[in-house]
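Here is the structure we will look at.
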Amino acid sequence: MGDSLTYKILREHLVEGTLKQGEEITIKIDQTLTQDSTGTMVYLQLEAMNVDKIKTELSVAYADHNTLQTGFENADDHAFIESAAKRHGVIFSKPGHGICHQLHLEDYGIPGKTLLGSDSHTPTGGGLSMLAIGAGGLDVAIAMAKGTYILTVPGILNIELKNSLMQWSSAKDVILKILKELTVKGGVGKIIEYTGDGVSSLSVTDRATITNMGAELGATTSIFESDENTKQYLKNQGREEDFRPLKADSDAFYNEHIVIDLSQIPPQVAKPHSPDNVSDVREAGPVPVDQVAIGSCTNSSYTDLMKVAGILKGHKVKENVSLVISPGSSTILAEMARNGALADLIDAGARIIENACGPCIGMGQSPKSGAVSLRTFNRNFKGRSGTNDALIYLVSPETAAVSAITGVLTDPRDMDIEYPVINEVSFSKKDSFIVNPGREGKSIPLEMGSNILPFPINTELSDELILTTALKVKDNITTDDIMPSDARLLPYRSNIPYLSRFSFEKIDKDFPQRCEEKGSCLIVAGDNYGQGSSREHAALAPLYLGVKAVFAKSFARIHRSNLINSGILPLVFKNEEDYETISLYDTVSLSNLREGLERGEIKAVNLTKNLTYDLVNTLSKKERKIILKGGKINL
């Protein structure tokens with residue numbers, strides 16, 4: 001059997017371990033990226049580790065999340081990140097330059113390289129044939145400090161794409177269809193590798209849309225081959241020398257294989273409140289729409305926005321609809337200004353907002369109460385828009401643009417509009433938004449605003465814990481549920497004590513006070529606990545409040561790592577029915593923890609109900625060391 005593309009890249013970067021599914025390996029990391037929502041923690045952690053010089057080939061700090069400056073907090077964070085970037089030899093991308101994943105695709109991504117990013121949508125780079133993985137901030141900080149990353153080798157799911165898309169269907173419809181089939185848990189423990197004759201019909205930015213939302217499947221990452229389309233994309237960006245052809249062996253081994261016929265995928269829509277709640281647009285019906293938002297790291301490419309401009313040209317946005325557009329980069333916006341497409345958008349009634357994440361993370365443009373908002377984004381979790389009772393639908397840019405004209409959710413095939421054909425262009429690059437690091441290094445002082453506080457650090461694990469059950473939650477709890485992320489709270493991402501007051505506020509607003517009263521606490525959860533964002537704040541805030549362990553039916557990959565990095569025990573019920581027997585305020589005892597960590601199973605006693613639970617410890621040898629020390633920084 002030959003190698004998959006994934007295994008070829010892993011083999012090239014293998015530092016330690018055996019390249020076999022389920023084995024723990026260490027790989028070399030070529031590049032890292034951070035963004036300003038998670039970046040302050042990364043650079044505080046670099047300082048805590050007393051790192052002098054980073055070991056990666058390239059690291060970039062992007063400011064794209066917290067760009068709404070209603071107070072000093074976000075501006076202070078940006079000044080801190082910029083000073084830390086100069087101090088450590090990191091490129092700094094200023095606010096307004098664009099969205100990290102779109103920019104990295106344009107400017108720095110190289111086929112065959114490894115990329116670790118402190119954002120769950122880092123797998124966008126897989127569209128450019130990178131092995132691009134999202135991780136918690138501390139893992140990224142360590143990758144910068146040591147040049148390596150530890151992971152358990154996932155299984156490889158091969159999705160074979162056949163034929164090509166019908167007119168008016170797009171890459172967004174492909175990934176929504178896959179989400180419908182596999183669900184938000186379908187990619188957990190897997191890397192998705194796309195092959196087949198249908199791949200050649202997809203551009204790099206089409207592929208990036210698909211790999212971007214592999215995060216919603218729970219996949220470690222997703223990847224496409226590097227071919228002539230890749231070469232053309234890099235040539236358009238002025239980087240043809242970075243091209244390298246890459247593909248799997250013809251007899252590559254895959255753990256799983258499914259086939260998707262692109263020609264059979266009509267326009268799709270993900271209905272509230274999950275990315276896998278998907279149906280055909282026609283099946284969903286003509287739902288009246290209040291807001292349409294186009295952009296995000298999923299659908300803010302030049303091709304996406306030019307299609308939107310082509311659809312809107314000569315038309316007018318429905319009078320009761322607010323259409324907002326956030327371009328993916330300053331390069332894209334500048335080109336659209338030069339070619340007249342920007343004027344077409346404005347003439348139609350679109351609001352052009354900053355080149356940033358913006359509405360996707362609830363940073364502005366929250367819809368009105370009870371509104372229906374169509375978005376070309378990647379997540380539609382309840383309340384993520386900043387409006388708790390809004391109904392968020394995820395669609396393609398084509399469906400979004402047509403629906404903005406009609407005022408209802410509309411299949412673009414049902415409109416008498418000429419399909420826009422977009423020509424290839426070469427981009428004129430400017431470095432107006434880039435700050436390159438100097439040679440001064442450690443002599444550069446850090447700019448620390450008053451809102452930037454030290455992150456909490458755990459203590460070494462005791463051999464016995466007595467915990468109060470401070471919260472019990474159901475399946476598919478997101479990091480948005482654990483630590484809300486919107487314009488109100490994003491400015492405090494560098495202030496864990498303040499941020500922790502809002503932990504779980506949309507589920508149980510009394511949780512922080514309960515933890516404060518009880519001391520050492522336990523969270524009990526269902527399946528897929530911690531899905532969604534890579535934000536380690538969803539572990540750091542509970543840590544600050546006194547959470548020592550989480551019992552769950554299963555964990556999302558990145559959040560599980562963040563819990564371990566913080567020294568919080570992630571334990572899985574051996575018998576899922578035990579979940580039903582634990583109640584709020586139950587006192588639970590864990591004893592002989594060191595022995596239990598070694599043998600892979602820990603017994604817990606519910607002292608309130610006199611019940612015993614078997615909990616599976618899925619920690620690797622290295623993860624056990626982290627837990628015993630009380631977190632990765634301590635280790």
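Readers should treat all values here as calculations from the given coordinates under stated rules, not as data from a laboratory. Only a predicted model underlies this, so the values are computations on that prediction, with no experimental measurement involved. Here the Cβ is made from the backbone with ideal geometry for all residues, glycine too, and neighbour counts use every protein chain on show.
Observations, loosely collected:
- Computed over the chain, the per-residue total of -39500 (n - 2.57) for DSSP H runs of n ≥ 4 gives a 222 nm mean residue ellipticity of -8000 deg cm²/dmol, rounded to 500.
- Trypsin sites (Lys or Arg not before Pro) within the range 390-470: DSSP coil, no more than 16 neighbouring Cβ in 10 Å: K429, K430, R439
- Net charge, M1 excluded, C-beta distance under 9 Å - Lys, Arg +1, Asp, Glu -1: -3
- Cα pair distances in the range 48-163, grouped into 5 Å bins until the bin that holds the longest one, percent each: 2, 10, 18, 23, 20, 13, 7, 4, 2, 1, 0
- Rounded to the nearest 0.05, the FRET efficiency derived from the C-beta distance between V287 and S443 at R0 = 56 Å is 0.45.
- Computed E for S263/T70 - FRET, C-beta separation, R0 45 angstrom, nearest 0.05: 0.40
- Gyration tensor over alpha-carbon atoms, the range 5-264, equivalent ellipsoid semi-axes in Å: 30, 21, 17
- Between F253 and K574, the distance separating the two model label sites (each 7 Å from Cα on the Cα→Cβ line) works out to 3.1 nm.
- Overall dimensions of the range 275-413, expressed as equivalent-ellipsoid semi-axes from the Cα gyration tensor (√(5λ), whole Å, largest first), are 22, 17, 13.
- The ellipsoid equivalent to the alpha-carbon distribution of the chain has semi-axes of 37, 27, 26 angstrom, derived from the gyration tensor eigenvalues as √(5λ) and listed largest first.
- Projecting label points 7 angstrom from Cα along Cα→Cβ for D416 and E23 puts them 6.4 nm apart.
- Counting beta carbons within 10 Å around each of R239, R594, R375 and listing the fewest first gives the order R594, R239, R375.
- Cα shape, the range 464-568, gyration tensor, a/c 1.5 rule: rounded
- The count of lysine pairs in the range 275-413 with alpha-carbon distances below 22 Å, taking only pairs 8 or more places apart or on different chains, stands at 5.
- Mean separation of Cα pairs under 8 Å and 6 or more residues apart, divided by the residue count, gives the chain a relative contact order of 14 percent.
- Ranked by the mean number of other Cβ atoms within 10 Å of their residues, highest first, the peptides 248-254, 453-459 come out as 453-459, 248-254.
- Put in line by how crowded their Cβ is, counting other Cβ atoms within 10 Å and starting with the fewest, Y544, Y498, Y43, Y585 read Y585, Y498, Y544, Y43.
- Exposure proxy order (Cβ contacts within 10 Å, fewest to most) of H315, H257: H257, H315
- Summarised in one figure, the compactness ratio Rg/Rh of the range 513-635, Cα atoms and Kirkwood Rh, is 0.93.
- Hypothetical label at E241: residues of the range 93-124 whose amide nitrogen lies under 20 Å (7 Å Cα-Cβ projection): 104-114
- Global geometry of the range 1-69, whether rounded, prolate or oblate, following the gyration tensor of its Cα atoms and the 1.5 cut on a/c: prolate
- Computed from the C-beta positions of L607 and S164 and an R0 of 51 Å, the FRET efficiency is 0.25 to the nearest 0.05.
- Violating pairs (Cα-Cα greater than 26 angstrom) within the set K553/K625; K55/K632; K28/K430; K553/K632; K271/K474: K28/K430
- nm² value of the averaged projected area, convex hull over the Cα atoms of the range 407-541: 17.1
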